[in-house]
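Every number in this text was worked out from the coordinates using simple rules, so none of it is lab data. None of these values were measured; they are calculated from a predicted model. Positions of Cβ are generated from backbone atoms using ideal geometry, with glycine treated the same way; all protein chains shown enter the neighbour counts.
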Ligand SMILES: C[S@@+](CC[C@H](N)C(=O)[O-])C[C@H]1O[C@@H](n2cnc3c(N)ncnc32)[C@H](O)[C@@H]1O
């Protein structure tokens, strides 16, 4: 039997209630700092097969609903569902006039949707929070109609490595979220039963004037470290100084780099 677990993800991902609470808290600040998320989602949208209209789309891990609004515009004749694990994000998205017709709280690993009920599952920068990517794939396969498309973006190993290495130099503790290897995405997609139209990774490097700008941004996104094993309590002055010093080793003319290794995948459910 093929092993669909992900042994290379070291340790468990954060508790889903913590993920939901963290993103709910970030709902009001998220859009003001989500430049990378915008760029990644737009790039993903550009990889959805052209000239094709889904009858019904699902924006999975829809956040503030930014891409639900873009999907509603692009597929004006279709109806849309937004699913997110964070109630606060759904509330924020519901307050917008345009976007998904339905907003449903739910988990990508256990979708609250009927079998064969959508034609497009669009999910941008959400499934890196799921422990079992194989379950996400199986659920997408279940809810898609034959011929339907799953378009996802996610993060893999290599993401925020500068921050990870700088903390490592200070105290060796887990300060940065863990990510699956790209090879695991390849293996799991190949075993998913989908036809693979696209699967690649692409590095996006952002620059910050200082470390605090980066860590504040991660917090405003709701994406700061929630891993089990993270240090508790406030970061002491001496350790913070150590971090700032260690990160300086990476400085480039444009500022302090933060690398995001983004995985893009477009998969199609085979016709019955
Ligand atoms: C970085 S935001 C991305 C939001 C939106 N897709 C975008 O690109 O702007 C990640 C979103 O995924 C949601 N999320 C995390 N884990 C999830 C899960 N297991 N099921 C559904 N949504 C999840 C979070 O609550 C958050 O709203």
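Fewest Cβ neighbours within 10 Å first, please rank 156, 202, 130 accordingly.
By the 10 Å Cβ count, ascending, the order reads 202, 156, 130.
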Share of pairwise Cα separations in the range 68-151, more than 15 Å, in percent: 58
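For a quick check: sort 98, 181 by the number of other beta carbons within 10 angstrom, fewest at the front. Could the numbers behind the result be given before it?
Details: 98 10, 181 16.
Fewest-to-most Cβ neighbours within 10 Å comes out as 98, 181.
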Peptides 255-267, 31-43 ordered by average Cβ neighbours within 10 Å, highest first: 255-267, 31-43
Debye intensity ratio I(q)/I(0), log10, the chain, q values 0.11, 0.15, 0.17 Å⁻¹ (C-alpha model): -0.61, -1.12, -1.40
In degrees, nearest ten, helix 133-143 long axis to first principal axis of the chain (Cα): 20
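Sorted by mean Cβ packing within 10 Å, highest first, what order do the peptides 55-61, 74-80 take?
Values: 55-61: 25.0, 74-80: 15.0.
Highest-to-lowest ranking by the protection proxy: 55-61, 74-80.
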Relative intensity, log₁₀ I(q)/I(0), of the range 134-272 from a Debye sum that treats every alpha carbon as a point, q = 0.09 Å⁻¹: -0.37
Angle between the chain longest axis and helix 16-30 axis [Cα atoms, degrees, rounded to 10]: 80
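Taking neighbour counts of Cβ atoms within 10 Å as a proxy for exposure, in what order, fewest first, do 64, 159 appear? Intermediate results must be reported in sequence, preceding the final value.
Values: 64 27, 159 22.
Listed from fewest to most nearby Cβ atoms, that is 159, 64.
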Folded to 0 to 90 degrees: helix 211-221 orientation relative to the chain principal axis, Cα: 30
Isotropically averaged projected area of the range 15-107, using the convex hull of Cα atoms (one quarter of hull area), nm²: 6.0
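In terms of the ratio Rg/(2.2 N^0.38 Å) built on C-alpha atoms, what value belongs to the range 30-80? Could you put the intermediate results ahead of the total?
Values: Rg = 11.3 Å, N = 51, 2.2 N^0.38 = 9.8 Å.
So the Cα radius of gyration is 1.15 times the expected 2.2 N^0.38 Å.
With both bridge residues required to lie in the chain, what share of the DSSP beta bridges run antiparallel, to the nearest 5%? It would help to have the intermediate numbers written out before the result.
Details: 22 of 41 bridges.
Beta bridges within the chain, antiparallel portion: roughly 55 percent.
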The chain: calculated mean residue ellipticity at 222 nm from DSSP helix runs of at least 4, using -39500 (n - 2.57): -10500 deg cm²/dmol
Residues listed by number, the range 13-38, amide nitrogen under 17 Å from residue 87 label point at 7 Å toward C-beta: 16-28
